[in-house]
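The structure under discussion appears below in the form of structure tokens.
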Amino acid sequence: MKKNKRIATLAMLAVTMTFFLAGCVPQKMSAHPKIPTGLIYGSSYKYIAVPLQHLMESIANFFGGLNGYGWAIIIITFVVRMILLPLMLNQSNKMTEQQEKTRRLKPQLDIIQEQQKVATSPEEKAELSQLMMKVYKENGSSMMPSLGCLTLIIQLPIFSGLYQAIQYSPEISSSHFLGIGLGQPNIIITIVATLFYVGQSALSLVGMPAEQKKQMQTTVLMSPAITFFISLFAPAGLALYFLAGGMIMIIQQVLTTFVIMPRVKKRVDAEIAENPIVTVVTREMFNKKSVKPAAAASETTVKTNQKTNDHSNHTTDHKRNSGKQNHKPQA
């Protein structure tokens, strides 16, 4: 479970970085960089970057002044993030619910994971994996982590289009926001944007058990690290996109930590009170090293059935004997 989450997170990190860095092809220092014409980035520029350029120009003209393009980037970011906010909150709700259910299954999962470490044959490992799947299935949970990749995938075209819109537009790349050139990297915006994501990551750890915090430490540091790395080398206009997005992320995390999480925990507690956790594995099942997990589970089931049958037979015999004692012969 933990391994799957780490692999999935690293995979999404690799995809994001590859997509961005592939578009950061070094350009000759000129007033008019060469517009991309390839299939992928040429199409991205034509159908995403150009419309974004026109939209930013319209917003900048509406506001007027030297800071118009900066406000245009902030407004576009807020609109995109606010549209995605309900989807993000829904994913946070599902992820929190899955984490709460998994936490309650942890005693059984720990037993299986301990046995997986000492398992030697492929058959034993396969049976243990099946047992783990059964633990999740019997308790209405899922083994697969909730990744929340959809919102990231939706933002990638906007992200790439915004980068190209700034890079290939002389008007936008030469504009300023609060005295900061939007076409060149800027350490101030980079640091501020990164701090927003550090704050969001810190809020995500509030209310978590100590053990879960240790598991999440690496994951929560990825978002600030990605923000810092990209913003450090990208135009300040793109870093401004991260900065404005970080503000929305803070709002989202506050809602998740202080509203969604308490509600989900309360709901899961109520569900478990009504439908208690189903015990699929116990340590007693693995006490005999020579007995396989499936055989141990079957043996436990057989013994339980035998006890039930013996108790039923004993009750029946007792009733028969009582009947004979109460029956008096007629004179």
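The values are calculated or read from the model by the stated rules, or taken from the named source; none is laboratory data. All of these numbers come straight from a predicted model, not from anything done at the bench. Every residue, glycine among them, receives a Cβ derived from its backbone with ideal geometry; neighbour counts consider all protein chains shown.
Quick rundown of the values:
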quantity	calculated
Residue list for the stretch 133-158, filter: modelled with pLDDT under 85 and more than 18 Å from the chain's Cα centre (by Cα)	G140
Close pairs (7 angstrom Cβ cut-off, 6 or more residues apart or separate chains): over 20 Å from Q200 (Cα atoms) in the stretch 249-272, surrounded by 19 or more Cβ atoms within 10 Å (Cβ to Cβ) and among the basic types (K, R) anywhere	V268/K101
Residue list for the stretch 203-218, filter: surrounded by fewer than 13 Cβ atoms within 10 Å (Cβ to Cβ) and small (G, A, S)	A210
Given (1) closer than 26 Å to Y168 by Cβ; (2) touching a residue at least 12 places away in the same chain (Cβ under 8 Å); (3) surrounded by fewer than 20 Cβ atoms within 10 Å (Cβ to Cβ), number of the condition L221 does not satisfy	(1)
Inter-residue pairs, beta-carbon under 6 Å, first among the hydrophobic types (A, V, I, L, M, F, W, C) and in the stretch 179-196, second crowded, with 19+ Cβ neighbours inside 10 Å and not in a helix (DSSP H, G or I), 6+ apart	I180/N186; L182/S175
Only one of F242, F258 that is in a helix (DSSP H, G or I), modelled with pLDDT of 90 or more and surrounded by fewer than 21 Cβ atoms within 10 Å (Cβ to Cβ)	F258
Any chance Q115 is in contact with a helix residue (DSSP H, G or I) (Cβ under 6 Å, 6 or more places away or on another chain), over 26 Å from A225 (Cβ atoms) and crowded, with 16+ Cβ neighbours inside 10 Å	yes
Per-region count, the stretch 44-68, residues assigned to a helix (DSSP H, G or I) and surrounded by 13 or more Cβ atoms within 10 Å (Cβ to Cβ)	15
Tally of residues being assigned to a loop (DSSP other than H, G, I, E, B), more than 25 Å from E271 (Cβ to Cβ) and of a type outside the set (A, V, I, L, M) across the stretch 103-147	2
Count of the stretch 168-209 residues which are among the hydroxyl-bearing types (S, T, Y) and within 13 Å of T227 (Cβ to Cβ)	4
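Yes/no per residue for (1) more than 25 Å from the chain's Cα centre (by Cα); (2) without any contact (Cβ under 8 Å) to a residue 40 or more places away in the chain; (3) surrounded by 14 or more Cβ atoms within 10 Å (Cβ to Cβ):
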| site | (1), (2), (3) |
| --- | --- |
| T77 | no, no, yes |
| R81 | no, no, yes |
| R103 | no, no, yes |
| D110 | no, yes, no |
| S129 | no, yes, yes |
| F177 | yes, no, yes |
